[in-house]
Amino acid sequence: MQWQSWQAFFNMGGYAFFVWTSFGLTALCVIWEVIALRSRNKEALRLTHLLAQDAFDFSQE
Amino acid sequence: MKKIIFALGFVIAIAGAGLMLFVHGAKYLSVNIALVMLGAALMRQSAYFADTLFHNASPQTFYPTAGKMIPWFAWLAVIMAAYGLYISFAIAPTDFQQGEAYRIIFVHVPAAWMSMVIYLAMAFWAAVGLALNSRLSAMMAQALAPTGAIFTFLALVTGSLWGKPMWGTYWVWDARLTSELILLFLYLGFIALQASIDDPRKADRAGALLAIVGTVMVPIIYGSVKWWNTLHQGSSINMGAAPKMASTMFEAMILMALAFWMYTIAVALMRVRCIMLERERHANWVKSIGSEGKP
């Protein structure tokens, strides 16, 4: 283990801002991308579903 | 048979990553990396690559296959990122020159690698789409672009966050930084160009040309630190030479790169599924998905 305390770990030898912003931003981008894709998928499936229903109704008439 | 090869690949990849955690040292490193790469290659080869490029090159057959593969690659990404972060922060020693700030390397270098690898993959699929006129290949290229742009953005931002404490500036117009910025513009240009053309098949062809021409930037970025005098430090890893860093640092970097790679595959598969649904909305196979089950 490299660290004497949690304090030292979060301080990152005085480079806390640079190190944690880098890692935090990467995590944010990854999380955002996954969330955005899930909602895009949900929307695409919803529209697909709607369209399939329309086609079904249309063929009934 | 495909399933057996796929599961075997998964086991080999996990075993390679697991060994890295327990058996440290440069002697075993190449073996471990080779195992992970072999496993991942097997997983890809089993269905993903073969299905797309050869026999089943249709969205209809690829849609369910892609759906089944996503959780596997997502879990690989999570496991490898967890290992990688553990080694990055708990095992890897403090750098004697750069102190703790060097730990930015564990996201910066993998992100920069991915920005180039994804570009090559994107250009490859775009070229296949152009040559064989296969719509699935073009969709793969389209699915890779946003993830590539995100990694390029991250490489630039984490790089400037590393540059500030080490060089005293967030940005300089030197060869490495400028060429990487141009790569970001190429990604954004590809996305914007495709979005601006209404006919998707025409958009595919225009995008493919841009992607193929832009490939010239990848070797320029890679070579920029050797060819020109730059502020950017030389490459951390050279082919055929021993890494100039502690082996645990090297391991963490490779693990993070592999995690990003697995993440990219999972996310690109998620996106290509969305694109298939959106673009083929009026095809019968999409309608049959819509008519079964809830949205």
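Among the numbered criteria (1) more than 30 Å from B:Pro93 (Cα to Cα); (2) among the acidic types (Asp, Glu); (3) part of a helix (DSSP H, G or I), which one does B:Asp198 miss?
Every listed condition holds for B:Asp198 apart from (3).
Kindly indicate whether B:Leu183 is within 25 Å of B:Pro200 (Cα to Cα) and either in contact with a Gly (Cβ under 7 Å, 6 or more places away or on another chain) or crowded, with 22+ Cβ neighbours inside 10 Å (or both). Let's see the steps before the verdict.
Details: within 25 Å of B:Pro200 (Cα to Cα): yes; either in contact with a Gly (Cβ under 7 Å, 6 or more places away or on another chain) or crowded, with 22+ Cβ neighbours inside 10 Å (or both): yes.
Here the answer is yes, as B:Leu183 does meet what is asked.
Identify the single condition in (1) open to solvent by 20 Å² or more (accessible area, probe 1.4 Å); (2) more than 30 Å from B:Asn32 (Cβ to Cβ) that B:Phe190 does not satisfy, given that it satisfies every other one.
So B:Phe190 meets the others, but not (1).
Please pick out the residue among B:Pro93, B:Pro64 that is modelled with pLDDT of 80 or more and not in a helix (DSSP H, G or I). Break it down stepwise before answering.
Numbers: B:Pro64 fails: not in a helix (DSSP H, G or I).
Answer to the check: B:Pro93.
Out of curiosity, is B:Glu280 among the acidic types (Asp, Glu), open to solvent by less than 60 Å² (accessible area, probe 1.4 Å) and at pLDDT below 90? Before you say what the answer is, go through the steps one by one.
Values: among the acidic types (Asp, Glu): yes; open to solvent by less than 60 Å² (accessible area, probe 1.4 Å): yes; at pLDDT below 90: yes.
Taking the combined requirement at face value, the residue satisfies it.
Given the criteria at the interface with chain A (Cβ under 9 Å from one of its Cβ atoms), farther than 11 Å from A:Ala52 by Cβ and either touching a residue at least 60 places away in the same chain (Cβ under 8 Å) or part of a helix (DSSP H, G or I) (or both), does B:Met262 qualify?
Against the criterion (at the interface with chain A (Cβ under 9 Å from one of its Cβ atoms), farther than 11 Å from A:Ala52 by Cβ and either touching a residue at least 60 places away in the same chain (Cβ under 8 Å) or part of a helix (DSSP H, G or I) (or both)), B:Met262 does not qualify.
Quick check: anything in region B:123-139 of a type outside the set (D, E, K, R), within 14 Å of another protein chain (Cβ to nearest Cβ) and under 30 Å from B:Leu231 (Cα atoms)?
No, region B:123-139 contains no residue that is of a type outside the set (D, E, K, R), within 14 Å of another protein chain (Cβ to nearest Cβ) and under 30 Å from B:Leu231 (Cα atoms).
Look at B:Ala211 and say whether it is touching a Leu at 6+ places or on another chain (Cβ under 9 Å), hydrophobic (A, V, I, L, M, F, W, C) and closer than 17 Å to B:Arg271 by Cβ.
So B:Ala211 fits the description; yes.
Which of the following residues is outside any helix (DSSP H, G or I), β-branched (Val, Ile, Thr) and either open to solvent by 20 Å² or more (accessible area, probe 1.4 Å) or modelled with pLDDT of 95 or more (or both): B:Thr158, B:Thr152, B:Thr169? Talk me through it step by step, then tell me what you get.
Working: B:Thr158 fails: outside any helix (DSSP H, G or I); B:Thr152 fails: outside any helix (DSSP H, G or I).
Checking each option against the conditions leaves just B:Thr169.
The values are calculated or read from the model by the stated rules, or taken from the named source; none is laboratory data. These numbers come from a predicted model, not from an experiment. As a convention, Cβ positions derive from the backbone with ideal geometry for all residues, glycine included, and neighbour counts pool all protein chains shown. We work out accessible area using only protein heavy atoms, side chains counted, and drop any ligands, DNA or RNA first. Shrake-Rupley method; radii C 1.70, N 1.55, O 1.52, S 1.80 Å.
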